[in-house]
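Each value in this text was obtained by applying a stated rule to the coordinates, not by laboratory testing. Note that the coordinates shown come from a computational prediction; the quantities given were computed from them, not determined experimentally. Glycine also receives a Cβ, built like all others from the backbone with ideal geometry; neighbour counts cover every protein chain displayed.
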Amino acid sequence: MKFNYAGKVIVITGGAGGIGSHLAREFASRGAQLVLLDLNKNRLENVIAQLAGTGHHYIAIDLTDRSAIAKAIKEIGDKYGRIDVLIPNAAITTTDRFDERSIESIEYELDINLRSPLVIIRSCIDLLKKSADARLITTVSLGGIFPLGETPLYTISKFGLRGAMLSMSLDFAAKGIKAGSIMPSATDTPMLQREAVEGGNSLQFMDPPQKTEDVVKAFIKMLDKPRFEVYPKPSESWLVRIAMLFPSALPKLMPLFVGKGDRGHKRYLKELELRRIARQVNGVWEIIES
């Protein structure tokens, strides 16, 4: 059966970002009521203004602030009385190597990508249980299966979130909450664009980055037919899962992928230049700030 969006209360963290805003627009067009959480108030207001229908709400929030999370969940409960679909989607990444990073930056990225989703999920359990058909869907990543050497904190956090979701999916099934994860590969969002400019992991560009629309379709598939994981690009998922059967062989396998990834990285940067998203200044790539 197709998921019925009409009147459903859907909460999305990172709701003003690339994937989050696309999800919000799609779900609102199907009749859902959206609650968007994000750090950037101006972008939240812009996204909310574009949504079809009424009854939407936004909360500007620092996801590392536990008291702010508690206040936000109470606000949602007071306004809607329940949560039908919870989507912890917010994430960050940088290209700083692990051995060069500050301890504070390590803690911050882990907090945003791993701790805060778990805190939000736990904080929303009571409101989810008030739904007649509760759903929990996290945005994980193929980086939660295959290690990305240039972005180790992103890999660490996504490995952890994937493991947590598999465990919770088993536990929540008997408690009336259908839980699962979406596993996108590199997606053409502002986060990936900035990472590409800053010299991110070339393996992400072996194939052209998928569109946010592909990720949205994966969420719709998950809502229509709940399962533990959905892969927007199944062919890539098989490649990384097969490679991870032999983790000790990774040093030998990596050179086979890096060349193709480097070429794809260069093509993507040229595409961003044509789209007037990035430019070269004295041989150095930079984002064109809007």
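Just a few scattered comments:
- Qualifying residue in segment 127-142 (condition: under 13 Å from the mean Cα position of the chain (by Cα) and either surrounded by fewer than 20 Cβ atoms within 10 Å (Cβ to Cβ) or part of a helix (DSSP H, G or I) (or both)): yes
- Any hit, segment 57-70, residues being farther than 25 Å from Val216 by Cα, in contact with a helix residue (DSSP H, G or I) (Cβ under 8 Å, 6 or more places away or on another chain) and without any contact (Cβ under 8 Å) to a residue 12 or more places away in the chain: no
- Considering residues of segment 143-167 that are crowded, with 20+ Cβ neighbours inside 10 Å and touching a strand residue (DSSP E or B) at 6+ places or on another chain (Cβ under 9 Å) only, the residue nearest to Met244 (Cα to Cα): Gly144
- Of the criteria (1) touching a residue at least 12 places away in the same chain (Cβ under 8 Å); (2) in contact with a strand residue (DSSP E or B) (Cβ under 9 Å, 6 or more places away or on another chain), which one Ala173 fails: (1)
- Every pair of residues 6+ apart whose Cβ atoms lie under 6 Å, when the first sits in segment 223-239 and is in contact (Cβ under 8 Å) with a residue 40 or more places away in the chain while the second is of a type in the set (A, V, I, L, M) and assigned to a loop (DSSP other than H, G, I, E, B): Glu229/Met183; Tyr231/Met183
- Restricting attention to segment 165-194, the residues that are within 21 Å of Ser131 (Cα to Cα), under 14 Å from the mean Cα position of the chain (by Cα) and either small (Gly, Ala, Ser) or assigned to a loop (DSSP other than H, G, I, E, B) (or both) total 2.
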